[in-house]
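Everything below concerns the one structure shown next.
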Amino acid sequence: MARTYEWSVKQIKKADNEDFTGAIIGTQWKLIGTDDDGQFGQFDGATPFKLEHINPDDYTPYEELTEEIVVEWIKNVASSSNNPTYWQHIDEVITKDIYTKRNNIKLVPIESLPWSTASYDYVMPTGSMIPPI
């Protein structure tokens, strides 16, 4: 089954130094993968960028940035040969999310279990947990 992907930037972190103003040093983003049948899954990620790795010849001023430019930076990191399993991890998380939705899988909190009382308060035991020698 084919899957389409939609990237979006949720937040950026910027910094200034003597060479650059508004240099992007971090992003928070999401990727939604949608299968042919319309079922989708989501991956939320964060990608840092090091100020010292900015190429002055390829620098885009903050005011000229677009979401497409920043997404391309993120995609380059996600598909980098320096970390070949990162994209696999991203796609596995999306696949698991789709599977969970498709099969209506839900986590049931302890207070909702059939044998639970209306509320559940965990009480930490007192005293030493290690028996004396």
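A few remarks follow.
- Cross-link pairs exceeding 22 Å in C-alpha to C-alpha distance, out of Lys14/Lys50; Lys13/Lys96; Lys50/Lys96; Lys14/Lys75; Lys30/Lys75; Lys30/Lys96, comprise Lys13/Lys96; Lys50/Lys96.
- Three principal axis lengths of region 20-83 [C-alpha, angstrom, descending]: 45, 28, 17
- The charge dipole of the chain, taken about its Cα centre with unit charges on the Cβ of Lys, Arg, Asp and Glu (plus for the first two, minus for the last two), comes to roughly 780 debye.
- The per residue volume of the convex hull around the alpha-carbon atoms of the chain is 283 Å³.
- Sum of -39500 (n - 2.57) over DSSP H runs of 4+, divided by residues of the chain (222 nm, nearest 500): -7000 deg cm²/dmol
Coordinate-derived values only; no laboratory data. All figures in this text were calculated on a predicted structure; none of them were measured in a lab. Note: ideal-geometry Cβ built from the backbone for every residue, glycine included; neighbour counts use all protein chains shown.
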